[in-house]
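Engineer: Quick one: the structure is below, questions incoming.
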Protein chains: 4
Amino acid sequence: MNSDISAPEGELPLRADARRNRDQIINAAKAIFAAEGPDAPMEEIARRAGVGVGTLYRRFPDREALIRAVARDNFTNALTHAQAAATEETTGWNALVRLLKSSDELQLSVRLGMTSPRAWDVVKGDQVTQGLRDSLLEILEGVVGTAQAEGSLRTDVGAGDIAAMYSMLLRRPTDPAQQRIAERALHIMLDGLRPHRHATELPGRPLQVSEVHPLSTAPAHPAPGT
Amino acid sequence: MNSDISAPEGELPLRADARRNRDQIINAAKAIFAAEGPDAPMEEIARRAGVGVGTLYRRFPDREALIRAVARDNFTNALTHAQAAATEETTGWNALVRLLKSSDELQLSVRLGMTSPRAWDVVKGDQVTQGLRDSLLEILEGVVGTAQAEGSLRTDVGAGDIAAMYSMLLRRPTDPAQQRIAERALHIMLDGLRPHRHATELPGRPLQVSEVHPLSTAPAHPAPGT
Amino acid sequence: MNSDISAPEGELPLRADARRNRDQIINAAKAIFAAEGPDAPMEEIARRAGVGVGTLYRRFPDREALIRAVARDNFTNALTHAQAAATEETTGWNALVRLLKSSDELQLSVRLGMTSPRAWDVVKGDQVTQGLRDSLLEILEGVVGTAQAEGSLRTDVGAGDIAAMYSMLLRRPTDPAQQRIAERALHIMLDGLRPHRHATELPGRPLQVSEVHPLSTAPAHPAPGT
Amino acid sequence: MNSDISAPEGELPLRADARRNRDQIINAAKAIFAAEGPDAPMEEIARRAGVGVGTLYRRFPDREALIRAVARDNFTNALTHAQAAATEETTGWNALVRLLKSSDELQLSVRLGMTSPRAWDVVKGDQVTQGLRDSLLEILEGVVGTAQAEGSLRTDVGAGDIAAMYSMLLRRPTDPAQQRIAERALHIMLDGLRPHRHATELPGRPLQVSEVHPLSTAPAHPAPGT
DNA sequence: TATGAATGAGTCTTCATTCAT
DNA sequence: AATGAATGAAGACTCATTCAT
């Protein structure tokens, strides 16, 4: 899961055991961030990873670095999945559906970003993550184009719409009962995306990817003075 | 905003100034929770409310009490809006649309609940909030029934579906640019809800309100051992 | 119990209701000091006394004043008892025994003094309490003299010995001068343990270890409702 | 003083410096608890021990843990002394005298327990301390038996009597069952005051009232810098 | 290099005391 | 005069980060 794509750029590859440590730490961080949010105690993460805090700090100089690493790892995995979907599915619509349904990895990242304004700021400021995001959106754009060319996707929406909607779905629960509920909602949305239904004139113009902010959503950040 | 509905029930009414302070504190908490999450420093909240920390603590014995109070206040307002929608709109569909579009108050509450596992637990454990939620869902159920009777809402969905979907929309951004994006997504969803489109067979049975968990969503709570 | 001897000197006598308030406060303070020590929250004392904190503070400008008042009240009562003992008992020995046995009031005061160095400093610095103490010791001196004249009390001890021993019922001092005093008292007690003295039939049966509670003593834990 | 007997049982031995710190903290706590009671600021204790608060809290998760540790340490030392007394003294009576005279360590513990209801509860609830107490009482029982067999100790008292009396050197209980125990001890002490017993030459001269400090005792008030 | 001990700044919370009603 | 609300300083405790072992 924690492929070398997310390794510190420009660094020589880690020794096998160091690599193992690094991966354990990232996995521990994923689990604990998901459970407690990105402000969870560093020591708890270290404990779960089976290393001392010192080791954690050797690998990730501070919390931000760790958050960044988790985000990169997640986005990398999401990208891998997206590529597979675009490549393997026979129709654009199927690729789109698979994309929307399967990106658990991305889900965690976005949830992470959402969870705390602090984490959000960290991720927002990371070039590498932004690059991964861009690749992801590029793939999405391709899929959307294909689906529309096929006639399977209404043409009054853009990839940005899909990304925005997707980000709204991200708070997808992990417990199975809720999963089923969410699945239905997704179907409804998908139905809404099918062509031929003009009951409503969508407001505004089709959104382009470029019109959607980083990660396709913005966390609640009203100026503190509001 | 902070109507007396959310006042401590059964307690003697607060002195005028105390009441004013209480309201200011809740408003400050709303703003700061939204901006920084429910772990924001108490002192910052007090400062924004224009009172000393001591005053804050006299009114709300601890952070949980404050979170609870904010949640109650928000739900109370959401309920008020919902009642107005159900009463004033002429068609069930219009009431439904208004409900889904306008509940900013509820949005904050759910965002609050989502934001941190801790806050979620607090809200989940509060009977009063649960009661408010139930009333809200009851109203929703009525509106859904009316809309379906009118033929304006597909009959293969239930109020629970709507609640679930709604909760997915909750991460509605506050900044205006994002607002417009979200608006489109909402339209798409609404389209998806219109009758006559059977392109997709929805999985499972129509969800009833009772099948949807508290607040219609579950926060990320994977077993710590995952 | 809270006789006017302990009233603020030089003040005009309080109005009846104010007097009642004052007494209630002192009694509440006694109970709570005994249960929680002299650092108990002022508000708790006020609540127990059935008044607001404001009232408490009107009567006793700060905690020290309250401690002082309690100490005076206790010493006053002890003095009353001592006078009664000296007057009513037919022999010096009996008076002495009664004195040592009955001074519960004094015990509270001393316990109070012991309980926290802070309280001790307060009491030590109070002239009125010192005066009461002196009167008490004077009475003790008289009783001791009488008992010795009777031949019922060994003549190689003085009233100071008795006082010291009495105080040892409470705690052993750390400073060397006091140590020597305590040593004498200990010798006397040891004498009391030597065989062949059956002047007194000990009440009850010999105690076994198992009959003695944890740490051989029980802390002041009167039910909070006392 | 802080022998490893009082080290956290079952834990891996502390690193040398950690061990040193631990001991320093306990010693500082002893001194400061004695001087200010068990509610003294943790930071003051840390400062006196020459460590940061963080270190104190790493070693003792909260105040209760520290109180417990001090109590255990004191009881352990008391036990050591008692064992030495029982072993090294040639007569039971001498052992008893030495026991009663030398248990300064125990005194602190009991004073600690007495001082604040809170501390008392902590100590009472600690199994380890209770175990140490039991060993202590067992030794006392042996010594008492020996002394009685020698004919040097009246046979109508038990080890429980001695323990009770000893504890009375500290404070008189309020509950009626304990009262009766105390009564016996008081009788014994009174016996010790009866004339005609010259077994012991009292040290020093008869004390006059003027030689006894305010309230006949002084609280532990070593200069904070001691 | 890995570990876990030490530090101290940051927060929460309590409570004595003051003051408006 | 009585009440209870407001204040803020004091102290407990947590945890990110640094550093000795």
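Engineer: If the Cβ limit is 7 Å and pairs must be 6+ apart or interchain, which residue in segment D:141-160 that is at positive phi pairs with which residue that is assigned to a loop (DSSP other than H, G, I, E, B) and not acidic (D, E)?
Structural biologist: Close Cβ pairs satisfying both conditions: D:G151/C:P195.
Engineer: Output yes when any residue across segment C:67-79 is aliphatic (A, V, I, L, M), within 30 Å of C:A149 (Cα to Cα) and modelled with pLDDT under 95, and no when none is.
Structural biologist: Yes, the conditions are met somewhere in segment C:67-79.
Engineer: Next up: Yes or no: segment D:63-72 includes at least one residue that is more than 16 Å from DNA strand F (Cβ to nearest atom) and either open to solvent by 40 Å² or more (accessible area, probe 1.4 Å) or away from chain C (no Cβ under 14 Å) (or both).
Structural biologist: Looking for residues that are more than 16 Å from DNA strand F (Cβ to nearest atom) and either open to solvent by 40 Å² or more (accessible area, probe 1.4 Å) or away from chain C (no Cβ under 14 Å) (or both), one finds at least one in segment D:63-72, hence yes.
Engineer: Something else now. Does at least one position in segment D:35-43 carry a residue that is surrounded by 14 or more Cβ atoms within 10 Å (Cβ to Cβ) and near DNA strand E (Cβ under 8 Å from one of its atoms)?
Structural biologist: So far as segment D:35-43 goes, no, none of its residues is surrounded by 14 or more Cβ atoms within 10 Å (Cβ to Cβ) and near DNA strand E (Cβ under 8 Å from one of its atoms).
Engineer: Determine whether segment D:43-51 contains at least one residue that is aliphatic (A, V, I, L, M), free of Cβ contacts under 8 Å to residues at least 12 places away in the same chain and either within 14 Å of chain C (Cβ to nearest Cβ) or part of a helix (DSSP H, G or I) (or both). Lay out the reasoning, then the answer.
Structural biologist: Filtering segment D:43-51 for residues aliphatic (A, V, I, L, M) gives D:45-46, D:49, D:51.
From what is left, the residues that are free of Cβ contacts under 8 Å to residues at least 12 places away in the same chain are none.
Taking every residue of segment D:43-51 in turn, none turns out to be aliphatic (A, V, I, L, M), free of Cβ contacts under 8 Å to residues at least 12 places away in the same chain and either within 14 Å of chain C (Cβ to nearest Cβ) or part of a helix (DSSP H, G or I) (or both).
Engineer: Output the number of the condition that D:E89 fails; it satisfies all remaining conditions of (1) modelled with pLDDT of 95 or more; (2) away from DNA strand F (no atom under 16 Å from the Cβ); (3) under 30 Å from C:A40 (Cα atoms).
Structural biologist: (3)
Engineer: May I ask you to list the residues in segment C:137-149 that are open to solvent by 10 Å² or more (accessible area, probe 1.4 Å) and facing chain D (nearest Cβ under 10 Å)?
Structural biologist: Within segment C:137-149, C:L137, C:E138, C:L140, C:E141, C:Q148 qualify.
Engineer: Between residues in segment D:11-28 that are open to solvent by less than 20 Å² (accessible area, probe 1.4 Å) and within 14 Å of DNA strand F (Cβ to nearest atom) and residues that are assigned to a loop (DSSP other than H, G, I, E, B) and modelled with pLDDT of 90 or more, which pairs lie under 7 Å by C-beta distance while being six or more apart or on different chains?
Structural biologist: Between residues of segment D:11-28 that are open to solvent by less than 20 Å² (accessible area, probe 1.4 Å) and within 14 Å of DNA strand F (Cβ to nearest atom) and residues that are assigned to a loop (DSSP other than H, G, I, E, B) and modelled with pLDDT of 90 or more, the close pairs are D:I25/D:V51.
Engineer: Out of B:L56, B:L96, B:L108, report the one residue that is at pLDDT 95 or above and either within 16 Å of DNA strand F (Cβ to nearest atom) or within 14 Å of chain A (Cβ to nearest Cβ) (or both). Give the derivation first.
Structural biologist: Values: B:L96 fails: at pLDDT 95 or above; B:L108 fails: at pLDDT 95 or above.
Answer to the selection: B:L56.
The values are calculated or read from the model by the stated rules, or taken from the named source; none is laboratory data. As the structure is a prediction and not an experimental result, all values here were calculated from the model. When we count neighbours, we look across all protein chains shown, and the Cβ atoms used for this are built from the backbone with ideal geometry, even at glycine. Heavy atoms of the whole protein, side chains included, go into the accessibility calculation; ligands, DNA and RNA do not. Shrake-Rupley method; radii C 1.70, N 1.55, O 1.52, S 1.80 Å.
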